[in-house]
Amino acid sequence: MKRLELSSIWALLAAFEDPLPTALNAASLPFEGAFVKGVESVSWMANNTKKLLASDSGPQCWTFFSTATFGKQNKVPQESIPNATAEKVKEAMLEGVEKALGLSKSSLQKPFYTKLQLWGAALPTNTPGIPCIFDPRGRAGICGDWLLGSSLEAAALSGIALADQLADYFEQGGPCSDEFAVGLHDVYKPLEGHDIGKFPGLESVDQITNVPVLTLAT
């Protein structure tokens with residue numbers, strides 16, 4: 001596990017009095033979550049209010065995640081974030097939201113509440129590309145979404161793989177238990193997907209291509 005590398009991600013919670021303009025053109029539907037491409041300060045945005053099946057009017061609470069590059073460039077001790085850094089990062093991320101929505105500079109409504117946090121050891125950036133890791137001598141096993149590609153599906157498949165490996169080990173393992181070892185010497189390779197995960201095997205429902213600065217997939 002000494003070969004594992006982790007990213008740093010900034011997370012910004014912002015509450016707005018009015019809904020954000022997420023219908024980016026007359027032909028598109030409003031989105032509730034999106035991976036963002038081409039904006040360094042934002043990699044994912046999601047409308048938390050929609051989880052409560054709220055109406056399309058009234059206040060909305062959004063979560064924004066930065067890119068790993070932006071997190072690295074602005075990394076500070078997450079337990080003691082300087083006020084100047086917090087303000088700089090918040091403004092940069094809100095500007096990134098503007099770009100992602102195709103809004104003109106300084107036209108995004110000001111949030112009436114924000115909460116910023118640095119996720120210092122956020123997500124692995126490399127993986128051995130196997131479903132699970134198991135060390136029978138050390139009696140330790142590892143599962144997680146990052147092993148197969150940073151998604152809910154990957155997390156479930158990894159957990160099932162480790163459960164099967166443990167079942168086989170306890171059923172058949174003996175003096176020669178090394179044969180049940182998995183992933184202890186595999187080469188770690190860069191993890192594919194977005195900085196904040198991905199949806200494997202699922203094409204975008206709608207691809208926004210006419211937005212200035214970036215391409216946004218929802």
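Please treat every number below as a calculation from the coordinates, not as lab data. Keep in mind it's a predicted model, so treat the numbers as computed, not measured. When we count neighbours, we look across all protein chains shown, and the Cβ atoms used for this are built from the backbone with ideal geometry, even at glycine.
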If you take the C-alpha gyration tensor of the range 126-190, multiply each eigenvalue by 5 and take the square root, what semi-axes do you get, largest first, in whole Å? 22, 14, 7
All aspartates and glutamates inside 19 Å of Lys51 as judged from Cα atoms, apart from same-chain residues fewer than 8 positions distant: Glu17, Asp18, Glu32
Given the pairs Lys75/Lys115; Lys75/Lys105; Lys50/Lys75; Lys115/Lys189; Lys50/Lys88; Lys88/Lys115, which span a C-alpha to C-alpha distance of over 22 angstrom in this model? Lys75/Lys105; Lys50/Lys75; Lys115/Lys189; Lys50/Lys88
Let me have the relative contact order for the range 126-190, percent, based on Cα pairs under 8 Å that are six or more residues apart. 44 percent
Net charge near Leu162 (other residues with Cβ under 14 Å of its Cβ; Lys, Arg +1; Asp, Glu -1) is -3
3J(HN,Hα) from dihedral phi, the range 108-114, Karplus parametrisation 6.51/-1.76/1.60, rounded to Hz, x for glycine, proline: 5, 4, 6, x, 8, 8, 9
